[in-house]
Amino acid sequence: MQSVGIISVTTQGSLLAARLAAKLPMQTEVYAKAGRNIALEGKEYENFSETVEELFNRMDGLIFIMATGIVVRTLAPLIVNKTQDPAIVVLDEQGQHAISLLSGHIGGATELAKMAADALDGTPVLTTASDVQQVMAPDTLAVKLELEIDGLDEAKKISSLLVNEGRVLYFLDESLPGAEEYRQRAKEYKVELLSMSDMSQLDGFDGAVVISDQQILLEVPTLYLRPPVLIAGIGCRRGTSAINILQALQETCRMSGRSLRSVHSLASVDLKEDEIGLLAAAQQLHLETYFYTPEELESVRLKFGLAESAFVKEKIGVGNVCETAALLASQGGSLVSPKKSFEGITIALARAASPLLD
């Protein structure tokens with residue numbers, strides 16, 4: 001969590017906000033109601049609702065120093081879902097209780113409440129069953145390991161099993177780059193990651209959490225946590241629409257048995273740096289983009305002995321774009337899906353040598 005807004009409505013609240021802001025490790029912005037900022041720090045606001053809406057859409061977390069009811073009524077029209085909403089914590093103006101109100105796990109409100117309570121010698125108030133029972137929720141593990149949650153409905157089922165004494169097993173795809181690091185980091189949170197290759201030998205479990213970029217079907221409720229390890233190399237005709245690129249990418253993932261949620265970035269030749277459809281597709285999926293010169297791509301083609309198209313080479317100076325771009329962006333990785341051709345689009349998938357974290 002990089003940014004937190006602290007909002008108060010009373011004079012005592014403004015003093016507490018200033019004291020808390022000085023003790024939190026992340027970037028903070030302090031807001032006090034006009035005329036009640038006796039701490040003389042931060043910014044003053046006139047319109048509470050407008051200020052909250054602006055901060056809600058901009059900050060990673062918000063700490064309100066006021067009655068919980070005010071916060072609930074103000075936030076109600078703004079709430080989207082727990083993958084998008086910022087962490088919301090409510091403090092009383094004495095700093096005795098820090099309530100994790102919204103986006104406790106994925107958004108980080110649980111951790112923020114603990115942090116605020118610790119800074120003020122108060123008590124964190126946590127009401128989610130997994131926190132109360134001290135069970136590691138899978139969405140919390142996803143945040144800790146920097147993995148993408150694939151299926152919120154399944155996350156709810158798995159969390160329900162965990163807090164109701166169901167048997168849930170965690171599996172790790174050991175072919176993943178950085179697999180051992182995932183296993184060791186999970187141990188820090190008292191989660192044992194079993195080998196995915198042992199699935200068929202185990203029975204009697206009610207649900208599963210699987211860390212993999214691969215599509216795997218199990219007969220029990222399964223939550224997939226997706227690591228950012230895939231790069232999609234893309235070649236396309238000028239003017240290709242974003243929707244066609246997205247459809248081709250989705251189909252490539254389906255055909256190769258990989259998850260679209262593990263795609264970290266799109267890569268292509270530098271002549272496509274201004275390709276509107278390609279850039280829009282990356283923006284819609286919140287992906288990084290990498291572009292390389294024809295010379296850089298040609299060196300990769302020669303190194304790996306990849307096939308080339310004489311027509312494409314004549315047009316742009318290199319006869320293979322999608323495979324070479326994917327490999328180059330993979331930083332020493334390998335192709336997991338060679339070139340697939342669609343109407344005016346070619347796509348290849350490479351798996352990186354290590355997780356590609358932003």
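The values are calculated or read from the model by the stated rules, or taken from the named source; none is laboratory data. Here the structure is a predicted model, which is why all the values come from computation and not from measurement. No Cβ is skipped: glycine too gets one built from the backbone with ideal geometry, and neighbour counts run over all protein chains shown. To get the accessible areas, we keep the full protein, side chains included, count just its heavy atoms, and leave off ligands, DNA and RNA. Shrake-Rupley method; radii C 1.70, N 1.55, O 1.52, S 1.80 Å.
The rows are residues; the columns are (1) in contact with a strand residue (DSSP E or B) (Cβ under 7 Å, 6 or more places away or on another chain); (2) of a type in the set (Val, Ile, Thr); (3) open to solvent by 70 Å² or more (accessible area, probe 1.4 Å); (4) closer than 16 Å to LEU230 by Cα.
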position: LEU249; (1), (2), (3), (4): yes, no, no, yes
position: SER262; (1), (2), (3), (4): yes, no, no, yes
position: GLN284; (1), (2), (3), (4): no, no, yes, no
position: TYR290; (1), (2), (3), (4): yes, no, yes, yes
position: LEU297; (1), (2), (3), (4): yes, no, no, no
position: LYS303; (1), (2), (3), (4): no, no, yes, no
* Among what's in region 153-178 and is within 20 Å of the chain's Cα centre (by Cα) and small (Gly, Ala, Ser), pick the residue that is nearest to GLY332 (Cα to Cα). => GLY178
* Asked: Can you find even one residue in region 209-217 that is without any contact (Cβ under 8 Å) to a residue 60 or more places away in the chain, open to solvent by less than 10 Å² (accessible area, probe 1.4 Å) and either assigned to a loop (DSSP other than H, G, I, E, B) or out of contact with any Leu (no Cβ under 9 Å at 6 or more places or on another chain) (or both)?
  -> yes
* Structure fact -> Log entry, pairs with first residue in region 145-165 being open to solvent by 30 Å² or more (accessible area, probe 1.4 Å), second being assigned to a strand (DSSP E or B), beta carbons closer than 6 Å, six or more apart or on different chains, reads GLU148/ARG226; ASP150/TYR224; ASP150/ARG226; GLU154/LEU223; LEU161/VAL168; LEU161/GLY207; LEU162/VAL168
* Structure fact -> For CYS322, the lone unmet condition from (1) within 24 Å of the chain's Cα centre (by Cα); (2) modelled with pLDDT of 95 or more is (1)
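Yes/no per residue for (1) open to solvent by less than 30 Å² (accessible area, probe 1.4 Å); (2) farther than 26 Å from LYS114 by Cβ; (3) hydrophobic (A, V, I, L, M, F, W, C); (4) without any contact (Cβ under 8 Å) to a residue 40 or more places away in the chain:
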| site | (1), (2), (3), (4) |
| --- | --- |
| ALA32 | yes, no, yes, yes |
| GLU41 | no, no, no, yes |
| TYR45 | yes, yes, no, yes |
| GLU54 | no, yes, no, yes |
| MET59 | yes, no, yes, no |
| MET66 | yes, no, yes, no |
| ILE70 | no, no, yes, no |
| ARG73 | no, no, no, yes |
| ASN81 | no, no, no, no |
* Looking at (1) touching an Asp or Glu at 6+ places or on another chain (Cβ under 6 Å); (2) surrounded by 15 or more Cβ atoms within 10 Å (Cβ to Cβ); (3) among the hydroxyl-bearing types (Ser, Thr, Tyr), can you tell me which one SER268 breaks? -> (1)
* Structure fact -> Checked LEU16, LEU24 against criteria (more than 15 Å from ASP60 (Cβ to Cβ), open to solvent by less than 20 Å² (accessible area, probe 1.4 Å) and in contact (Cβ under 8 Å) with a residue 60 or more places away in the chain); the one match is LEU16
* To do: Filter region 314-350 for residues that are assigned to a strand (DSSP E or B) and open to solvent by less than 60 Å² (accessible area, probe 1.4 Å) and give the result.
  => LEU335, VAL336, SER337, LYS340, ILE345, THR346, ILE347, ALA348, LEU349, ALA350
